[in-house]
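To start, the structure under review is shown below, and the notes come after it.
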Amino acid sequence: MKKRVLVLSKRTSYRTFVEEQKDARIQGLIAKGDPTVLRLRRSHEAHEETMREVQDALTSLGAEVTLQVGPRTPFSVAGIDMVLTVGGDGTLLAASHQIGPGIPLLGVNSAPESSVGFFCAAAKGNVLETLRAAFEGTLPAVQLARMQVELNDAVIHRRVLNELLFCHACPAATTRYILRLTQANGEFIEEEQRSSGLWIGPPAGSTAAQRSAGGHVLPLASTKLQFVVREAYVRLGTSLRLPIGLVEDGGTISIHCKIREGKAFLDGLHIVHDVAIGDRLVMRRSDEDLTVLGLTRRDG
């Protein structure tokens, strides 16, 4: 039986700014060989080569393919056996927001020279062998916990894979809030804080911003949520009780906003919600895990 595969390709910066938008500034920088844009064409060409490799591999394996450029454009996974993203971690992350539990997701890093591709099991050069293993069921799968986010008791997202950033709308301003950790048994601790913001997320995101801010790398199979305070303001002679911490599955991390112009950024810059004084954000483990193929498990 043919495998039905939805292929989601990223739209490269070169394609967007040079080929489609004809951006005069970008074109001028490329023409001058400016170092800020040197990778644009190389990454684009590597991506196009990888796309041809992906298409050849899927044809060789007899798959029934639906192709879409742009992982944020709405798509349906009805009747799909597997979703394949071609790009990097950002492409996979964007696509994951539209993929519910039970649909396997496989990432292909299309430009490994310039992309980390942590979530990507395949890369330019080994696509066929990785896809064959996925089709045969020999490619390991990892269930990644995701995070649900509520704003004033209304769910605003059920599929946060990396993290939520809560901060002031102006990066130069102080973020004021009350942080509360409630464990599954109902015990809680809270603290009023001032900082440049908070990172909060499930284990999959603990190697990224949370780690850079001083957080711990959590095992991929963990179901805990972690928060990390960014650049806390602490009076001389005092310290925060809650600079970093975890809640078990069934617990919550909540933020009671004390600023008029707060922002909640979910998995990057594309999903943003305003948070005003008196608003309350609550984060908990989602009941919608994500199945990622070929992802290497890690220890905490």
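Values as computed for the structure displayed
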read-out	value
Residue that is farthest from residue 277 (Cα to Cα) [pool: residues in region 144-187 that are among the hydroxyl-bearing types (Ser, Thr, Tyr) and outside any loop (DSSP other than H, G, I, E, B)]	182
For residue 274: the one exception among (1) at pLDDT below 95; (2) surrounded by fewer than 18 Cβ atoms within 10 Å (Cβ to Cβ); (3) under 26 Å from residue 71 (Cβ atoms)	(1)
Residue check for residue 57: out of contact with any Cys (no Cβ under 8 Å at 6 or more places or on another chain), part of a helix (DSSP H, G or I), surrounded by 15 or more Cβ atoms within 10 Å (Cβ to Cβ) and of a type outside the set (Ser, Thr, Tyr)	yes
Residue in region 245-263 that is among the β-branched types (Val, Ile, Thr) and modelled with pLDDT under 95 present	no
Region 236-249 residues that are of a type in the set (D, E, K, R), paired with ones that are surrounded by 15 or more Cβ atoms within 10 Å (Cβ to Cβ) and in a strand (DSSP E or B) (beta carbon under 7 Å, 6 or more apart)	249/285
Candidates 284, 211, 235 - the one that is surrounded by fewer than 17 Cβ atoms within 10 Å (Cβ to Cβ), among the basic types (Lys, Arg), under 26 Å from residue 96 (Cβ atoms) and out of contact with any Leu (no Cβ under 7 Å at 6 or more places or on another chain)	211
Inter-residue pairs, beta-carbon under 7 Å, first outside the structural domain of residue 8 (by TED's automatic domain parsing) and in region 76-99, second of a type in the set (D, E, K, R) and surrounded by 24 or more Cβ atoms within 10 Å (Cβ to Cβ), 6+ apart	none
Residue match in region 119-139 (condition: out of contact with any strand residue (DSSP E or B) (no Cβ under 9 Å at 6 or more places or on another chain), free of Cβ contacts under 8 Å to residues at least 40 places away in the same chain and β-branched (Val, Ile, Thr))	yes
Residue among 25, 52 that alone is part of a helix (DSSP H, G or I), closer than 17 Å to residue 68 by Cα and free of Cβ contacts under 8 Å to residues at least 12 places away in the same chain	52
Residues within region 1-22 that are surrounded by 14 or more Cβ atoms within 10 Å (Cβ to Cβ) and either touching a residue at least 40 places away in the same chain (Cβ under 8 Å) or acidic (Asp, Glu) (or both), tallied	9
Unique match (being under 30 Å from residue 156 (Cα atoms) and surrounded by fewer than 17 Cβ atoms within 10 Å (Cβ to Cβ)) among 102, 88	102
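The values are calculated or read from the model by the stated rules, or taken from the named source; none is laboratory data. In this text the structure is predicted, and so the values were computed from the model without any measurement. A quick note on method: Cβ atoms are made from the backbone with ideal geometry, for glycine too, and the neighbour counts reach across all protein chains shown.
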